[in-house]
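Since the structure comes first, as structure tokens, the remarks are kept for the end.
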Amino acid sequence: MRIGWIIGALACTAASGLAAQDTRGISRAVYVERIATAPGGESVRTIEPARALRRGDTVVLVVEWRGTSRGEPVIVSSAVPRPLAFQQASSDAVEVSVDGGRNWGRIGAMRVDDRDGRRLASPEDVTHLRWRSATGATRLTYSAIVR
């Protein structure tokens, strides 16, 4: 039952967790990484559409959009679904938020408060991602672990 809830949450977040300024279309997809052992004993990594997820699975989320035809920069933001722990993005230009989208910066500069006091934020603390791009089509991917 929990797996169905996670996939449902991912689909809802992917469908509604994106905000953009005047884009010509946003698409998103969720994939799961699977590692199998080939007949020769070597590990084979595959990425397949997410249909069933388990705690500990690595997922890859793909966000694509097309900028405006007027040549203005576009800002796209996306919430990281709560059942996922962000790991890394495909671009160093991504900005992150660790407080629900109120403040933005780089992962190495953000701080969070926890029961032990104030500390440097880790990737798992990321709640939102934000990208800036010029015109044309843009694709960004990020990976996360199912909590």
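FYI, it's all coordinate maths here, none of it is from the lab. Model, not experiment: these values are computed from the prediction. Reconstructed Cβ throughout: ideal geometry from the backbone, glycine too, with neighbour counts over all protein chains shown.
If packing is taken as the mean number of other Cβ atoms within 10 Å per residue, what is the order of 99-110, 31-42, 83-94, highest first?
In descending order of packing, they fall as 83-94, 99-110, 31-42.
Modelled label-to-label distance, Arg119 and Val44, 7 Å Cα→beta-carbon offset: nm?
About 4.0 nm, to one decimal.
What does the extension gain come out to for Asn103 and Ser90, with contour length at 0.36 nm per residue minus their alpha carbon separation?
2.6 nm
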